[in-house]
1. Starting from the stretch A:110-188, pick out the GluC sites (Glu not before Pro) whose DSSP state is loop and whose Cβ has at most 15 other Cβ atoms within 10 Å.
2. For chain A, what ratio Rg/Rh do Cα atoms give with a Kirkwood hydrodynamic radius?
3. Using only Cα atoms, locate the centre of the stretch B:193-217 and the centre of the stretch A:86-147, then give the distance between them in Å, rounded to an integer.
4. For the stretch A:86-198, take the alpha-carbon Rg, divide it by the Kirkwood Rh, and send me Rg/Rh.
5. Within 10 Å of each Cβ of B:223-231, how many other protein chain Cβ atoms are there on average?
6. Go ahead and estimate [θ] at 222 nm for the protein assembly as shown from helices alone: -39,500 (n - 2.57) per DSSP H run with n ≥ 4, summed, over the residue count, rounded to 500.
7. So what is the diffusion coefficient of the stretch B:171-347 in µm² per second by Stokes-Einstein at 25 °C and 0.890 mPa s, using a Kirkwood Rh over Cα pairs?
8. Could you list which residues have their amide H under 5 Å from that of residue B:41, counting only those 5 or more apart in sequence or on another chain, with H placed in the peptide plane?
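None of the figures in this text is laboratory data; all of them are computed from the coordinates on show. Since the model is a prediction, treat every value here as computed from it, not as a measurement. Cβ sites come from the backbone with ideal geometry, for glycine too, and all protein chains shown count toward neighbours.
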Amino acid sequence: MKILDTKGLLCPQPLIMLKEAMLGLNKGEKIKVETDNETSLKNLLSYLKDQGVEPEVSNSGAVFTLLAIKPEKDLTASDPAIYCTTDISTDYVVSIKGERMGDGDPELGRVLMETFVNNLKLQEQLPSHVVLYNSGVKLAMKQSPVCSSLTELEELGTRIMLCGTCIDHYGLQYDIAVGMISNMVVITETLASAGNILSP
Amino acid sequence: MDKKFDLLSTIEYGGCSAKLPAGLLSQVLSKLPVASDPRLLVDVDTHDDAGVYKINEETALIFTTDFFPPICSDGYEFGEIAAANSLSDVYAMGGKPLMALNLMMFSQEKIPLEVFSEILKGGFDKVSEAGALIVGGHTINDHPPKYGLAVVGTVHPDQLITNAGALPNEILVLTKALGTGALVSGEKNGLSSSDDYRRALKQMKHLNKNGAAVAVKYGVRCMTDMTGFGLAGHALKMAEASKVSFRIRSPHLPLLPGAYQVYEKGSIPGATFRNQEFTGEQVHYTRGVDYNLKMLLHDAQTSGGLLMSVNPDHVSALIEELNRVDPELSATVIGEVIPESPRRLYIE
């Protein structure tokens, strides 16, 4: 386990040291950081949380000790251009064009759609975007049974896009619970640049 | 004295931006009574850059102030930057600065008096460049030093630009690159090259005068300038005041050379974290938004650029003209205005 003593150092020095030390660690390896500066502790925690690390924190007197494990995913990403390139082979967009899945019995269609959206967040590979249009926008409203699932997906970094014209058409402006209101220009662009499109 | 006095040595090592956290400030301001008068065209309500008072049908008065501790070593440059930063609020409202007062906190026991006069000279020259007049000021004994201006300017009431007029489908244009906070932090921690740091200083001295004139020419109705709350903080206030949401494309953000590398090395000022805490849940990041870009969105800017919401039909002409009048800056489209959605900012 690597130990970093940052006692007596002010922000951003402890973070500089932590970022450097993390680069030298193997994935899964542990690191212990000591600091006596509360602002630095807060900033270190904010940084680690952003990297998907949930450190343990303890304190004795004025000294805080932070215990973290280097995550499996790559922390470096020093080139933003590389970072932003999407991997076409695994990237996908979910396009939902109605509040029901398939034709036939409307009640069945509603249940199927609910199950589908609830299952989306359980996928190992999450969609980059979920595009909702026509009566599909109703799924993102406060009263929708899948509203919480869509919110969870959004928390995980999936962009939920709602067709603005559709929201206006159904008069739902004041019921939106989740998602970014968008227009057909952006929706078309998103669908056109998607690696794969999943349309239930 | 054999060595030139270093103003940066007066402030705490690694010192972060001097601005109070935005959340804390709102908390305090919300408890104060709000001045209300039909002649007040802009009050504190929308967290705009300045107060605006309508004198008659032709003229409204813009009134603003700003000051802060040193962000560079040289007194003259500090004066120039602080003045450009104070004047910027008038430009952000679409106005012309007329007069300014010096606000100075300075301790002659701790700093040679010639530094005092250098700071004032820098401020004087920048105000002259803006076509305005310094008509006095006030100094008190304090350490570390602080300097800035109180500025009055005017604008035609019909041409007033606020932070509350952005409309869905308009395009967001930023006139200066981000990262002044990063490069000042990098300088203090020995992590930025002197070329990159000099470039940041140069940009901070650059008046928003030409940028504002172009905005007025193209009928921009909504604009604000970038300062201590960072792009995300100021964009958030603008979206909130306009009752819309913004979509910002992080790979398009203009960055000062070297700023990204400073953040990559971990030299992220405390102000950035405070700004990020303030924007919090009101911002959504799509998966894959680069961590350093996310933090640079919250980098506290000194004398930053103008963020304007532009009619899509005018964007190419406006950008072209901005690049012509300010070729040393880098006006860039960074996103667009979308209808009011559950969150204020959507970053991708």
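1. For GluC sites (Glu not before Pro) across the stretch A:110-188 that sit outside H, G, I, E and B with at most 15 neighbouring Cβ atoms in 10 Å, the list reads A:124.
2. On the Cα set of chain A, Rg over Rh gives 1.12.
3. If you average the Cα positions of each part, the centres end up 46 Å apart.
4. 0.94
5. 0
6. -10500 deg cm²/dmol
7. Estimated diffusion coefficient is 152 µm²/s.
8. Here the answer is B:52, B:53, B:54, since their amide H atoms fall under 5 Å of that of residue B:41.
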